[in-house]
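Notes follow once the structure below has been shown.
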Amino acid sequence: MCGIVGVVSNPSAKDIVLTGLQRLEYRGYDSAGIATLNSSGSIELRRAVGKLQALVTETETNPLQSATTGIGHTRWATHGAPTTANAHPHIGHMGKHKLAVVHNGIIENYQELRAELGQLGATFHSQTDTETIPYVIATALERSAETLPQAVHAATQKFRGSFAFVVMQEDQPDVLTGTRRGAPLCVGVGEGANYLASDPLALAGLTSKFIFLEDDDIATITPKGVSILDGKGKPVDRPVKVLDLTTDLAGKNGFKHFMLKEIHEQPAVVSRLLQSYTNPVDLSPVLPLQGLNLAGITHINIIACGTAYYASLIGKHYIEQFARIPVNVEVASEFRYRNPPYQKGGLFIAVSQSGETADTLAALEHAKAAGQNILVFTNVTTSSMARAADAVVDLMAGREIAVASTKAFMAMSVALGLFALQLAGAKGQAAAEILEASRALRTLPAFLSSQIATTKPLEELTEKLLETGSMLYLGRGSLAPIAFEGALKIKEIAYIHAEAYASGEMKHGPIALVDKSLPVVNLATSTDGLFEKTVSNLKEVEARHGQIILVTDAEGIAKLDSASRDKMHLITVPTVPAFIAPMVFTVPLQLLAYLTATAKGTDVDQPRNLAKSVTVE
Ligand code: F6R
């Protein structure tokens, strides 16, 4: 999603902004822009549609004067198409005050503000909500505010929605002011120079010291330092965190795409989780849950979006099976608006790779306000969700750069499995079953490694999928979420329409789609007691001449009659205990999506229209 970078007091302001924007490219965007304050105090603006290279070319064709202050932005279009006029920064002026702004989020009441500002003489050049921001701030400066932070404070009282923005004022070199509500913004504390960014990664190599702003904080950076006002306009100190971002800067490490690299990292991610979160002697899970009274939990809501939602569905299976506690799993965008009733003893779990997804964060805040205990599973322990939680489980997947999530999904599934076992232990459930599942988890990294190396049958299949317009994915029990996740992956990066259903649901509607042109991916393990049921569903597809792709283990294959078997495309996975089958079955579906996408030549790491970390509703 959109990215923000700002710098004061650095003679390489332009290059720092462009490098920062390049680091944020992975988040997905469709235009980019930069504004600098030149030595005569004027704002200079350059913007371009498409990849960042277009902006770099623009700055080469129309060079910016030297400057020590700059702001930059990568935009993922919401209000208004991706055009140069809609790209940020946006400029607004009232009287003698001229400002440039970069913004992430949505100003929901922008129509009202536009009408109001229009009457004051504002002229809008874009279709964006963002363009109201500099005008509202300039109006505050013109009317009563003495300083830029005061004007920003006054302006934020008028904005509805979520935002993070940074403002630069003409004739005010080496000062930038930024604020946030619901969307992330941090300060990079440097030596002599200071920075603002939506993600610390943008500032890697410039500083390792970061201040993560709270909602409604207003931070002003100058060469001398950083000053912060809280939401009431009072000076406040926020802690400085030291982050080592060197590993985040690692490149593709010889892989063609970040997605492939991240698929290959999965065995190491799982090993790291097991090493950190299990007792080496008795293998019992030891997640850092000290902030929670596990024995007192009576029911659980798990809230997430997209891939994290599918991992949460696996979590539900584990928790209900082992801890025998009812679990509701829901997409965050629905949960937050249906005013759900909460009961005492409830635990609210948010699952989010980024820890910043707007809908999940809003649902978390709703539950927190209602007095629920909050547990967050996230890959970013400095994120807004982590900071709002009673307990945080770090997913330890390392930064995920590819937009399509793979290793974070794997980490979520494993961490939720460990949570289920720890909760089961606290609830006094059968120790033998818990131990058996813990032992199974120990074997997972090796199974993942061998599965990742098995690409041949998938490559053969990929060729058949190149002309395919639509697919069906089916799975039962804890493999149903894997079918959902597999369909999502092929949609996201190979742009093939795919529907996923719990196998038993097929005959209630989707079977109408089955004909000889429809590839149907079926997931079935011989170890969960549901194999025969799945074979019945396969027969239903076979009877309608659908193209069956069966992902199963050797025992499963042995149970098929040879006539059926010969008509299927078989993807073999190792025979593994049911507890780890979801993770093992995930890998061929990730690779199928990846190989199909690369064969089709799509932009695998930054697929069209998608953003990493969705910070708007
Ligand atoms: C799909 C994908 C998205 C995210 C979703 C939630 O591959 O990555 O569906 O899972 O946007 O993101 P987080 O986990 O950051 O809350």
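Structure above, values below:
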item: Proximal charge balance of residue 109 [Cβ under 15 Å; K/R count +1, D/E count -1]; result: -2
item: Sequence-distant residues sharing a close amide H with residue 196 (under 5 Å, placed H); result: 6, 7, 188
item: 222 nm mean residue ellipticity, helices alone, for the chain (DSSP H n ≥ 4; -39,500 (n - 2.57); rounded to 500); result: -10500 deg cm²/dmol
item: Per-pair calculated FRET efficiency, R0 = 60 Å: residue 65 and residue 564 via Cβ, rounded to 0.05; result: 0.25
item: Under-5 Å amide H pairs with residue 181, H placed in peptide plane, nonlocal only; result: 163, 164, 216
item: Loop sites in segment 220-253: trypsin sites (Lys or Arg not before Pro), DSSP, at most 16 other Cβ within 10 Å; result: 224, 232, 252
item: Mean Cβ neighbour count within 10 Å, used as a protection proxy, ranking 23-31, 384-392 highest first; result: 23-31, 384-392
item: Inverse of mean 1/r across different Cα pairs in segment 377-481, Kirkwood, Å; result: 17.1
item: 15 Å Cα-Cα reach of residue 96 towards aspartates and glutamates, excluding residues that sit fewer than 8 places from it in its own chain; result: 142, 146, 170, 171
item: Amide H contacts under 5 Å for residue 30, placed H, 5+ residues apart; result: 75, 76, 77
item: Those trypsin sites (Lys or Arg not before Pro) in segment 56-158 that DSSP places in a loop and that have at most 10 other beta carbons within 10 Å; result: 96
item: Alpha-carbon spread of the chain, three principal axes, descending order, Å; result: 82, 54, 43
item: Set of lysines with alpha-carbon distance to residue 491 below 17 Å, sequence-local pairs under 8 removed; result: 464, 600, 612
item: Accessible-area composition of segment 3-247, carbon plus sulfur, in percent [1.4 Å probe]; result: 49
item: Share of carbon and sulfur in the accessible heavy-atom surface of segment 258-451 [1.4 Å probe, %]; result: 51
item: Efficiency of FRET between residue 238 and residue 112 - r from beta-carbon atoms, R0 25 angstrom, step 0.05; result: 0.20
item: Heavy-atom accessible area per residue - the chain, 1.4 Å, Å²; result: 37
item: Protection proxy ranking of 183-189, 447-453 - average other beta-carbon atoms within 10 Å, highest first; result: 183-189, 447-453
item: Relative contact order of the chain, defined on C-alpha pairs under 8 angstrom at six or more residues apart (%); result: 12
item: Added length on full extension, which subtracts the Cα-Cα distance from 0.36 nm per residue, residue 609 to residue 120; result: 172.4 nm
item: Listed residue pairs exceeding 23 Å between alpha carbons, taken from 98/158; 261/567; 407/507; result: 261/567; 407/507
item: Three-way shape call for segment 258-451 based on the alpha-carbon gyration tensor, with the a/c threshold at 1.5; result: oblate
item: Mean Cα-pair separation over length for segment 129-282, i.e. relative contact order, pairs under 8 Å, 6 or more apart, %; result: 16
item: DSSP H segments from the chain that extend 30 Å or more along their own axis, Cα-based, with Kyte-Doolittle mean of 0.0 or above; result: 431-452
item: Peptides 477-483, 243-249 ordered by average Cβ neighbours within 10 Å, highest first; result: 477-483, 243-249
item: Length added when fully stretched, residue 214-residue 554, from 0.36 nm per residue minus Cα-Cα; result: 117.1 nm
item: Under the Karplus curve 6.51 cos²θ - 1.76 cosθ + 1.60, θ = phi - 60°, whole-Hz ³J(HN,Hα) for segment 325-338, x wherever Gly or Pro sits; result: 10, x, 10, 9, 10, 8, 6, 4, 5, 7, 4, 5, 9, 9
item: With every protein chain in place, segment 456-600: carbon and sulfur % of accessible area (1.4 Å); result: 54
item: Length added when fully stretched, residue 439-residue 40, from 0.36 nm per residue minus Cα-Cα; result: 136.9 nm
item: Overall form of segment 456-600 per C-alpha gyration tensor (a/c, 1.5; a/b vs b/c); result: rounded
item: Anchor residue 241: aspartates and glutamates whose Cα lies under 20 Å away (excluding residues fewer than 8 positions away in-chain); result: 191, 199, 214, 215, 216, 217, 230, 356, 390, 394
item: Relative contact order for segment 3-247, counting Cα pairs under 8 Å that sit 6 or more residues apart, in percent; result: 19
item: Gyration tensor verdict on segment 4-106 (Cα atoms; rounded if a/c is under 1.5, prolate if a/b is larger than b/c, oblate otherwise); result: oblate
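The values are calculated or read from the model by the stated rules, or taken from the named source; none is laboratory data. All values derive from a computational prediction rather than experimental measurement. Here Cβ is always computed from backbone atoms with ideal geometry, including for glycine, and neighbour counts include all displayed protein chains. Keep in mind that these areas ignore ligands, DNA and RNA; they rest on the heavy atoms of the full protein, side chains included. Shrake-Rupley method; radii C 1.70, N 1.55, O 1.52, S 1.80 Å.
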